[in-house]
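Participant: Mind looking over this structure? Questions follow.
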C-alpha cells in the first residue's frame, strides 16, 4: 500500500504553478465545461466580501473567464454576511430557500448538498468563507486539473495552516503544521488505518476542493463536520484513487475554533468514518464535554454528534427536473 501511495503522490500531486492560470481559459474552452464556485457561509461578514471580490476581479473577467457562477450559500447568518456578499457581486442564496419541502438541518454538509440544486456548473468548486488574505489560486489551482485531465473527478487543495493566522501571523506564528489539529489527531489516523490509499492527502479535511458534478451528484453528504471525510472516502469507493488529486496552493489563513468546538468536530468525523466502516445498527451517539461553572466546579455539556446524511442529490426529484430543464 505504501508503494501505491508513493506512486499516487508522484502522479496526482501538483503545485498550482504547474498549470499557469493564463493557460486556463483556452483549456476551459476546449473542454466545453462550466465552473461554479460555492462559498458556504455562516456569520462571515469580515471575510466573505474580500473572497467574492477577488474571484470576480481575477477569475470572472473578459480576459479570465474561468468562473461562470459564484454563489454564497448562507446557512442562517445573524450578521451582515448576505449583504456583504451581495454587495461584492455574489449571488446569495439562503439555505432554507433551497428545497423548502425538506426542513434544513444544521451543518456545513447540509449547505454543500443543497448548493448542488442551485448551481449549474459541470465543475463545482467549494471554498470556505472564513479565509483571510485570500488568493484566487485557491480556485484556479484546483479547478485547473479538472479542465485539463478528463480522468480526474475530484481535486483537493493542500497548504500550510499556521495556527496564529487570525492574529496576522505567518508560518512562524505557529508553524506551518500547527493548524489542522483535528486532521492530525483524528482524520489522518483514521484514513491511514482504514483507508490507507488516502494516506497521501495532505489536507483531507480542507474545505477547498473542486469536483465534477457527475461525481458529486452520486455521493451522500454528511450534513455536519464529517462532510469532507465522507466525500473523500466515498469518492475513493466510487471512482478510484487515480481519479483523485491534490494541488499545493500555498498558505491558508483562517479563523480557528476553540478546543471544545474541535472536540465536537472530531466526534462527528469519527462517526462519519464509523458509519462507513459498519453501516446500520448503530445508536445515535452523544459527546459530553466539561466547562467550569460559576460555583467553581466542572459542569457537563452534552451534544448530539452529527450523524444525519443527505442522499445522493441525483435521487432528489427537484434536482433531476432542474437538470432536465
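Participant: As a check on your grasp of the helix formula, calculate [θ] at 222 nm for the chain: sum -39500 (n - 2.57) over DSSP H runs of n ≥ 4, divide by the residue count, round to the nearest 500.
Facilitator: Calculated from helices alone, the mean residue ellipticity at 222 nm is -10000 deg cm²/dmol.
Participant: Right, here's the next one. Taking the highest mean first, how do the peptides 238-247, 221-230 order by number of other beta carbon atoms within 10 angstrom per residue?
Facilitator: 221-230, 238-247
Participant: The stretch 257-275 to the stretch 183-256: how many Å between their Cα centroids?
Facilitator: Each part reduced to its Cα centre gives a spacing of 15 Å.
Participant: Something else now. Run the numbers on the chain and let me know its relative contact order in percent, using alpha-carbon pairs under 8 Å that are six or more apart.
Facilitator: Once normalised by length, the contact order is 21 percent.
Participant: Order these by the 10 Å Cβ neighbour count, fewest first: 135, 140.
Facilitator: Exposure proxy ranking, most exposed first: 135, 140.
Participant: Of the DSSP beta bridges with both residues in the chain, give the percent that are antiparallel, rounding to the nearest 5.
Facilitator: 45
Participant: Of the listed peptides 110-117, 295-302, 260-267, what is their order by residue-averaged count of other C-beta atoms within 10 Å, with the highest listed first?
Facilitator: So the order, starting with the most tightly packed, is 110-117, 260-267, 295-302.
Participant: May I pose another question? If each residue's Cβ is checked for other Cβ atoms within 10 Å, how do 133, 309 rank with the fewest at the top?
Facilitator: In increasing order of surrounding Cβ atoms, one gets 133, 309.
Participant: Right, something else. On full extension of the chain, what length is gained from residue 193 through residue 13, given 0.36 nm per residue of separation minus the C-alpha to C-alpha distance?
Facilitator: Length gained, residue 193 through residue 13: 62.7 nm.
Participant: Here's another thing I want to ask about it. Using Cβ counts within 10 Å as a stand-in for footprinting exposure, how do 314, 125 rank, fewest first?
Facilitator: Least crowded to most crowded, the residues run 314, 125.
The numbers here are math on the coordinates, done by the rules we state, and not lab data. It should be emphasised that the depicted structure is a prediction, and the values quoted were computed from it without experimental measurement. Note that we place each Cβ from the backbone using ideal geometry, even for glycine, and neighbour counts take in every protein chain shown.
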